[in-house]
Amino acid sequence: IGENYKTEGYVVTPNTMALLKQHLAITGGQVRTRFPPEPNGILHIGHAKAINFNFGYAKANGGVCFLRYDDTNPEKEEEKYFTAIREMVEWLGYQPYKVTHASDYFDQLYMWALELIRRGQAYVCHQKVEEIKGHNPPPSPWRDRPVEESLLLFEDMRKGKFGEGEATLRMKLVMEDGKMDPVAYRVKFTPHHRTGDKWCIYPTYDYTHCLCDSIEHITHSLCTKEFQARRSSYFWLCNALDVYCPVQWEYGRLNLLYSVVSKRKIIRLVETGAVRDWDDPRLFTLTALRRRGFPPEAINNFCARVGVTVAQATMEPHLLEACAREVLNEQAPRAMAVLEPLKVTITNFPAPKALEVLVPNFPADESRGFHKVPLHPTVYIEETDFREEADKGYKRLAPGQPVGLRHAGYVIAVQNVIKDVSGRVTELEVTCTKSDVAEKPKAFIHWVSEPLACEVRLYERLFLHKNPEDPSEVPGGFLSDLNPDSLRVVHNALVDSSVLSARPFDKFQFERLGYFSVDPDSREGKMVFNRTVTLKEDPGKA
């Protein structure tokens, strides 16, 4: 702490030590990081890594982390993004030390821009955007205009005397990638959601970012690798103004195969009806992962496993799913549900009314309690748990092959198979025997009795190829790579009544089927569940 100047590439000026001393007097040597999203989109799995690294690094070092909205692009910002970003940071388990906005500092940034011009380090330029773009643009003919002239013109920009694109303020420096004189301010006649129409000039990322870090006395500016090309402008600007300069560290981005995360592409998926919205459980936005039932701990564990490296990490989704299974196995109480119900009538039911069956919430640890489910003469089992002929290796219910009902303490044996006119099995009549006197069956199956009707949504990968955006893998573009089976809706599934009081995002393991989460679409009389992950990894998907 306070030894930032020892970092490779850090520029030390005659004022560095005095500024660091001042900085330490203000922070008391505390580590300060920030998570600085643009409020123009929804956070995705890649942001989860940034949140974990910034908040986690601060936490591990007894420091603090700011949530700072980089709201310098007025036309893109919407209130819903501000709220969703904060909600997701908190959902992952982190509390910002302070919530700030780049726009909080617009006045100070403007004063510093005037100072930069006075110091001969910035000038007003009239080259068009098209002229500055691309490699080797021509140097600006206005680079050496007198300071006084730039001050007057910059004032005119602020007063709205130039149209959009007619003037910019540029800084005099060459960046790593050879880019000359990055733009510091541009004209935009767009009201800002926080400052209204006070400004018609707005600062750029290159200008704003390091100065906001300096104002907030951030110690470590942690950012992804693509910002390495901006490191020199970061140090240059703080030093050109003689203000405290944090250190910038870069790390590799986190990408997932079989996914797209760019805002533009997700908007296309929503517009074309391929997904319902930003939180469609087939996406890898954080709101989508929450809706699908991924616990925040699983996402954080996944980020920790990926680790922080300089290299870009591209991961398989099944590694994230494995993290979810570990957490859900510990967190999700058990319940029983039947997706394709087959009616079973117990003809020799042993009691005049329903029996109560005690089911452990977590069979591996009965100290975590039980819930009750009723057992009536009519139960429902999975269609796939019955066959008319038991072939070799098939252990579940068939004529002549009894099966145990999980938790109930009974074994059932088929007496009669009832079919409809087309020959489809519609009901079984069975007899039951108490488990302690019956011969041990080859298998136990799950069942429901007097159940609740519910809708279950089963998800598969949204895309067929690992890299849907790679033209060599998918020549037709990502919209041509959609998996037609990415969502299967089971409209008339049945679930045991123990889940009746569950709220959206509550999670369960449906025995033998997988982990499921209550969807916000649930309403009185019809619960909706999303399958988060299957119980075991599908070997075909690895």
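Couple of notes before you dig in:
- Over the range 304-382, Cα pairs under 8 Å with separation of 6+ residues give a relative contact order of 31 percent.
- Residue-normalised accessible area of the chain, expressed per residue, 1.4 Å probe, Å²: 45 Å²
- Remark on Ala184: its backbone amide H falls under 5 Å from those of Leu169, Arg170, Met171, a criterion applied only to residues 5 or more positions apart or on other chains, H modelled at 1.01 Å from N.
- For the range 37-108, relative contact order (Cα pairs under 8 Å, six or more residues apart, normalised by length) works out to 43 percent.
- Portion, in percent, of the accessible area of the range 452-534 that falls on carbon or sulfur, probe 1.4 Å: 51 percent
- Only one residue of Phe189, Val64, Leu339 has its Cα farthest out toward the positive end of the dipole of the chain, where Lys and Arg carry +1 and Asp and Glu -1 on Cβ, and that residue is Val64.
- Between Leu535 and Glu166, the modelled labels are 7.1 nm apart [label points 7 Å from Cα along Cα→Cβ].
- Hits among lysines - C-alpha to C-alpha of Lys419 under 24 Å, sequence gap 8 or more where chains match: Lys343, Lys395
- Percent breakdown of C-alpha pair distances by 10 Å bin, ordered from the shortest bin, for the range 4-251: 7, 30, 36, 22, 5, 0
- Cβ-defined net charge surrounding Glu455, 13 Å radius [Lys, Arg +1; Asp, Glu -1]: +3
- Count Lys and Arg as plus one, Asp and Glu as minus one, and take only other residues whose Cβ is under 10 Å from that of Ile445; the net charge is then +1.
- Within straight-line cross-link reach of Lys98, lysines at Cα separation under 21 Å, skipping those fewer than 8 residues along the same chain: Lys49, Lys59, Lys80
- Under 5 Å from the amide H of Tyr69 lie the amide H atoms of Thr100, His101, Ala102, each residue being 5 or more positions distant or on a separate chain, with H modelled from the backbone and absent for Pro and chain starts.
- Förster radius 30 Å - calculated FRET efficiency between Glu79 and Arg488 (Cβ-Cβ, nearest 0.05): 0.25
- Under the Karplus curve 6.51 cos²θ - 1.76 cosθ + 1.60, θ = phi - 60°, whole-Hz ³J(HN,Hα) for the range 503-508, x wherever Gly or Pro sits: 9, x, 6, 5, 10, 9
- With each label modelled as a point 7 angstrom along the Cα→C-beta vector, the Gln331-Val270 pair spans 2.5 nm.
- Normalised contact order of the range 147-272, rounded percent, pairs of Cα under 8 Å and 6 or more residues apart: 19 percent
- At an R0 of 56 angstrom, the distance between the Cβ atoms of Glu316 and Ala413 translates into a FRET efficiency of 0.80.
- Label assignment, Kirkwood radius over Cα pairs in Å derived from the structure, set [x] 32.6; [y] 26.0; [z] 27.5: [z]
- Near Phe55: Cβ cut-off under 12 Å, other residues only, Lys/Arg at +1 and Asp/Glu at -1. The net charge is +3.
- Placing +1 on each Lys and Arg Cβ and -1 on each Asp and Glu Cβ, with no other charges, gives the range 4-251 a dipole about its Cα centre of roughly 480 debye.
- The magnitude of the dipole of the chain, with charges of +1 and -1 set on the Cβ of Lys/Arg and Asp/Glu and taken from the Cα centre, is near 500 debye.
- For the range 108-217, a simple Cβ point-charge model (Lys and Arg +1, Asp and Glu -1, everything else neutral) yields a dipole of about 220 debye relative to the Cα centre.
The values are calculated or read from the model by the stated rules, or taken from the named source; none is laboratory data. Remember, it's a predicted structure, so these values are computed and weren't measured experimentally. Note: ideal-geometry Cβ built from the backbone for every residue, glycine included; neighbour counts use all protein chains shown. Please note that ligands, DNA and RNA were not included when accessible areas were found on the heavy atoms of the full protein model with its side chains. Shrake-Rupley method; radii C 1.70, N 1.55, O 1.52, S 1.80 Å.
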